[in-house]
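Comments concern the structure below.
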Amino acid sequence: MASSHHIVPVKALIGTFIALLGLTAVTVLVTFIDLGPALNLVLALLIAGIKASLVLFVFMALRWDSGYNVLIVLSSFLFIALFAVFVIADFAFRDSIDPIEKQTFGLESPVKPLSEAHPYNAH
Amino acid sequence: MVHSASSSVNFFKASSGWRSWLFTLDHKRIGIMYLVSIIIAFGLGGLFAMALRLELLSPSPILFSAKEYNQLFTLHGAIMTFLFIIPSIPAALGNFLLPIMIGAKDFAFPKLNLASLHIYILGSFFLLASLFVGGVDTGWTFYTPYSVETDTSTVMTTLGVFILGFSSILTGINFIVTVHKMRVPGLTWMRLPLLIWALYSTAVIQVLATPVLAITLMLLIVERVFGVGIFDPALGGDPVLFQHFFWFYSHPAVYIMILPAMGVISEIVTTFCKKNIFGYKIMAASSISIAVIGFLVWGHHMFTSQSPLASAIFSFLTFFVSIPSGIKLFNWVATMYRGNIDLKTPFLYFLAFLFLFFIGGITGVVLGALSLNVHLHDTYFVVAHFHYVMVGGTTIAFLGGIHYWWPKITGRMYSETWARVACGLIFLGFNMVFLVQFFMGSKGMPRRYYTYLDQFQPMHAFSTSGTWVLGLGFILVVFYLIDSLLNGEQAPANPWGGLTLEWRAASPPVLENFDTPQQVTHDPYDYENGSIPHA
Amino acid sequence: MNESLVEFGSLFFSKPATAIAGQVDSLFTFILWVSILLFLLVFGAAAVFVYKYRSKGNTVIPKQQWIHDNRFELLWTVVPFILVMIVFVWGFKDFFLLRVSPSYSYEISVTGKKWFWVFDYPDTGKTVMNDLVVPVNQPIKLIMASEDVLHSFYIPNMRIKRDVIPNRYTTLTFTADRVGEFTIFCTEYCGDGHSAMLANLKVVSKDDFEEWKQTGGASDDMPLADLGKKLYADKMCNTCHSLDGSPMSGPSWKGLYQANRELSDGSVVVADENYLRESIVYPKARVVAGYQPVMPAYAGLLSDREISALIEYIKEIK
Amino acid sequence: MLKSVPHHVAHHFEDADQEFDAAKIGMWLFLAQELLFFSALFVGYGVFRFLHPEMFLHASKLLSWKMGLVNTMVLITSSFTMVLAVWMTQMNRVRESIRLLWATAGLAMVFMVIKYFEYSSKIHHGYLPGSWFSAADAYEHLHLFFTCYFLITGLHGIHVLIGVGLILWLIRKSKQGLLHKDYYTPLEMVGLYWHLVDIVWIFVFPLLYLVG
């Protein structure tokens, strides 16, 4: 196994540092352009993601590190993403089918009214 | 340095005095201390269980008040989960065996390993201290808002569990690194014993899921002490969010409990059939896939509280876990085909495991079905199901493992006759306690009930009587194992004819496990080509 | 008297009371029979192997070991997969059928509190405790919320259950297809009175239901003290108040009438009719020393006659 | 030049490379669990932001984005000085490395001081979590934003303080000559930790201070 000592060239470090500062400025700037809340959030997360990857791959030297360490980081980000998506999905679709009958999954209640002139048809 | 120059001394005799145990860096001594601690925890949790069942002998109150009963089942659950099952196979047997089975001298981080033990002991003190400062009556799940407003000492208990979490995380990190970096030459990934694969998968869950439990309990403490409102409906928070957080850890934790058990079972079945395992690769892969899929199914604990869409997704994903579990079951049976089957005690535990795990697994499929889950959720059906998996699965495998490696750990043989009797009693008693709970649950008997409708009494009484048989079985095990320590005959290095590396070591192993450097040239269970050590 | 959930001669499930409940059970029957078949296959094989290949006291290593066979491994990956997918689709379908309620459902609001259930009938303004009365063959929609901690509303005969959550409405729907009296449980652990948080579901014919809505089934002719005794059990007073002097979550009723009560602020009050009435309607106003102010207010939940009945009953317990 | 003390490989390892690789995998696993430790807070944030989007928009304006921006710059710079400190030790320029470590610790303290001013302004206005919230405002559940704010930045702040402690420990070790080009594992590990603290902040900044 090759030794994982790797000395990152100092130029790459300086370049990354400048890029990080630049991207920070970009994040602030895009906030002041109104693209709608969803797009703004996506853009902010995208820039943050790029910045985090720069730190991970250059400052933390993941680019030159063993594949397993990359896997650890990627899988933890993946699990966090799934965690967030599932939980928020739950909140988004709460009680979504209860009030609606036919629209959801083409379902219809198995119960048929005894007669059209139903005493409780008030609702 | 604790280690002496002469490495060929048996690790029990290498040094003496309580300091040589409490501050040892030897993974074997740490494993034994874990073993002793978890057996004490199991005894305590078991006593609580017996008391609970005794109260349930009658539909109306007989022994305890409602509050005492609620504290009893909470502590039974918390102790059994956090102090017994989660550390049982990984921390106790895993600690002792993992380095030996990969031919290493020790874990990659022996000091971290010792720290995990100390953290475990500290956490246990906090958890048990809650007994003396007002008890805790929230159930082991600590659901909000009840856990926020109850007047019992929730903070003390959750702090204990929080601390225990770090013990689990550090153990997990240590296991993964050790498997990666400390294997002997020739021991490739595809030659790892299946117990190591299982422990490795378990460690992945421990590292990636436990921190979520830690932060969840931290938030619960903050909520209770400061009222920050994140889980408090009165402040706009959401109690169901707590359930998501809690189960994001606690569902994978179920696999922390069962995966190592599956590993132990694989070791036992090969040795006592003198057969290579059927489908090694798919067995290893199924451990990893159970660990990964296990992260995606936590919502199946919440079918009655979350959105229908989330329920549907989680139910769908839940069924994927059943596939690798099923493969394992079929492969174990296939391994027996044309073997040379030696019906010693560990193999009897294997058969018991097979039976009980089958029932636990099938009832898991029943509970995974959305429509049935709505009816069965929070009834005795669920109680019976998870006891079949955790007791019938993990605890039985743990006992099988104890019997299998007992000669290796202690250097003594135990009484085969008494061991078989105890195995039979435990199997019988366990089924008496829990089989009837499936019937009760399907008829609607809710769990965590202090009093119940009279019509359920015959079934409850039968269940309670089973606890006495089960308890007798466990007491018998303790007795003949202590007897074996005192009077048992010397164990040979390889009493069962096992093929994996630990059987090359002496019984009990020497200080740094092996006198000579080891080399691996065959698959772990290749009985046809490999030679049985010390045969 | 509620229908018993346990029947002689049946191992699983209680007698269904909705059409869909029977459908839910049939999935269980399907899984049960498939697993019995699977059980016989797996354990039949295991038993044969144990018997046939048991060691005859030698340590011979079996030759030509069967260690791998793609066909078999594929078989027991694919077949279980198909089976569990059938179970998933089946369960999924019934789950949604259990959830949807027709637009003409009769709505009843349900409130869970420690430790009883309150049912409000919005069309009549009627409020009852622990006794849910519904007409047969009429889709019912329960709109549920909790006032304190989590509860869960469970009718075993209908195979339905849903968590009842504070500050949020959840719904539950069912259509009883036969007349009868059924048990309702709380299945989400909610504290000391959890197992006593029972309610009754009375499914009646449409005519009886109309009549009940008019009269409320109130027992005008019952002597007050007898009515109080009935209410003591029906309204779950027994969860927190004993009759034998032993303290539970609340003070015992034994010898309570005209006794001197020391309050949490140190003052002393005589437990006369007015104090007892206030303690039922607004219990937090004057709490006896040594007890937590946990009792919910019964204002609006009990009629004047019912309050008087309870006070009469308390007078009788000496 | 400081005198360097040779490092002894622990007895159960074969060589220094094995020891180093083991430490590194261990560290990455530790960082993974740190990420998941923070994850629940971010998921909670996501849920409440999803439920109350306008309130979050309004609430983030109550935070000073300028202070947040300065803090982001400070933390990124400290990450840069940290990585340079590691580089200097790799080049065996331990004195420079120590100076850079001091710079890192100093920047971390600057971060905490700015944080202190932010916190005291929020406390002054009553923008506090849950039941402590006392400001008068248009939005019903405004306090939930501050619950998220204080929990996330609080936990992050604790991590910064732990980082400062670790950096001071490294300075001491370096001065004793224990860290040099042949052995700098602790330095590299603390570096990784410090960058992770930076990464968390990189997400905190836009999510809390710059909501649309």
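In this Cβ point-charge picture (+1 for Lys and Arg, -1 for Asp and Glu), the protein assembly as shown has a dipole of about 3580 debye about its Cα centre. Here chain B is scanned for GluC sites (Glu not before Pro) in DSSP loops (not H, G, I, E, B) that have at most 16 other Cβ atoms within 10 Å, and the longest stretch holding none of them is B:1-488. An oblate overall shape is assigned to the stretch A:10-92, the ratio a/c of its alpha-carbon gyration tensor axes (a ≥ b ≥ c) being 1.5 or greater and a/b not exceeding b/c.
Rounded, prolate or oblate, given the Cα gyration tensor of the protein assembly as shown, with a/c below 1.5 counting as rounded? Judged from the Cα gyration tensor, the protein assembly as shown comes out oblate (a/c at least 1.5, b/c at or above a/b). Here each label is just a point 7 Å from Cα along the line to Cβ, and for residue C:64 and residue C:238 those points are 7.3 nm apart. Placing +1 on the Cβ of every Lys and Arg and -1 on the Cβ of every Asp and Glu, with no other charges, gives chain B a dipole of roughly 920 debye about its Cα centre.
Amide hydrogen proximity for residue C:54: with H placed 1.01 Å from N in the peptide plane, the residues at 5 or more positions away or on another chain lying under 5 Å are B:341. Selection among B:215, B:313, B:359 by position relative to the dipole of the stretch B:29-504 gives B:359 as farthest towards the positive end (Cβ unit charges, Cα centre). Comparing mean-square fluctuations of C:45, C:285, C:233 from a GNM of chain C with C-alpha springs under 10 Å, the top value falls on C:45.
Take the Cβ atoms of residue B:132 and residue B:465, set R0 to 35 Å, and the FRET efficiency comes out at 0.65. The helix-only estimate of mean residue ellipticity at 222 nm for chain D, built from DSSP H runs of length n ≥ 4 each weighted as -39500 (n - 2.57), is -26000 deg cm²/dmol after division by the residue total. With both labels modelled 7 Å from their Cα along Cα-to-Cβ, the residue C:291 to residue A:92 distance reads 5.0 nm. Of all aspartates and glutamates in the structure, those lying under 12 Å Cα to Cα from residue B:111, and not within fewer than 8 positions of it along the same chain, are B:26.
Residues B:496, C:66 in ascending order of nearby Cβ atoms (within 10 Å, fewest first): C:66, B:496. Under a point-charge model restricted to the Cβ atoms of Lys and Arg (+1) and Asp and Glu (-1), what is the dipole moment magnitude of the stretch B:393-535 relative to its Cα centre, in debye to the nearest 20? Approximately 700 debye in magnitude.
In the stretch B:1-147, Cα pairs under 8 Å separated by at least six residues give a relative contact order of 33 percent. Between the listed residues D:10, D:55, D:108, the Cα displaced farthest toward the positive end of the dipole of chain D, a dipole computed from Cβ unit charges relative to the Cα centre, is found at D:108.
Under 28 Å of direct C-alpha separation, and excluding same-chain neighbours fewer than eight residues apart, residue C:318 reaches these lysines: B:67, C:114, C:229, C:230, C:235, C:254, C:284.
Backbone amide hydrogens, once placed in the peptide plane, bring residue C:133 within less than 5 Å of C:202, excluding anything fewer than 5 places away on its chain.
Taking every alpha-carbon pair under 8 Å whose residues sit at least 6 apart, the stretch A:10-92 reaches a relative contact order of 29 percent. Relative contact order of chain B: 18 percent, from C-alpha pairs under 8 Å at least 6 residues apart in sequence.
Straight-line reach from residue B:281: taking Cα to Cα under 24 Å and skipping same-chain neighbours fewer than 8 places apart, the lysines in range are B:181, B:328, C:63. Helical content alone sets the calculated 222 nm signal of chain B at -21000 deg cm²/dmol, taking -39,500 (n - 2.57) per DSSP H segment of four or more residues and averaging over every residue.
The calculated 222 nm mean residue ellipticity attributable to helices in chain C amounts to -11500 deg cm²/dmol, summing -39500 (n - 2.57) over DSSP H runs of n ≥ 4 and dividing by all residues. Placing a label point 7 Å from the Cα of residue B:482 along the Cα-to-Cβ direction, the residues of the stretch B:43-62 with a backbone N closer than 18 Å are B:43-47.
The ranking of B:36, B:254 by Cβ neighbour count inside 10 Å, starting from the fewest, reads B:36, B:254.
Under DSSP H, which helices of chain B have Cα atoms covering 24 Å or more of the helix axis and a Kyte-Doolittle average no less than 0.5? Qualifying helices: B:27-55, B:110-129, B:154-181, B:194-226, B:239-273, B:308-336, B:345-368, B:416-442, B:457-487. If you count Lys pairs in the stretch D:16-209 whose Cα atoms are under 15 Å apart, skipping same-chain pairs closer than 8 places in sequence, the total is 4.
In this structure, residue A:81 and residue D:134 have a Cβ-Cβ separation that, at R0 = 41 Å, corresponds to a calculated FRET efficiency of about 0.65. Couplings 3J(HN,Hα) of the stretch D:103-109, computed from phi: 4, 4, 4, x, 4, 4, 5 Hz, in residue order, whole Hz [Karplus 6.51 cos²θ - 1.76 cosθ + 1.60, θ = phi - 60°; x for Gly and Pro].
Anisotropy class assigned to chain C is prolate, per the alpha carbon gyration tensor with a/c at or over the 1.5 cut-off and a/b larger than b/c. Of B:147, B:37, B:457, which is farthest towards the positive pole of chain B's charge dipole, taken about the Cα centre with +1 and -1 on the beta-carbons of Lys, Arg and Asp, Glu respectively? Highest projection toward the positive end goes to B:37. By the beta-carbon count within 10 Å of each Cβ, the least crowded to most crowded order of B:80, D:189, fewest first, is D:189, B:80.
Throughout, read-outs are computed from the coordinates displayed, never taken from laboratory work. Everything quoted here is computed from the prediction, not taken from an experiment. Every residue, glycine as well, gets a Cβ built from its backbone with ideal geometry; the counts of neighbours run over all protein chains shown.
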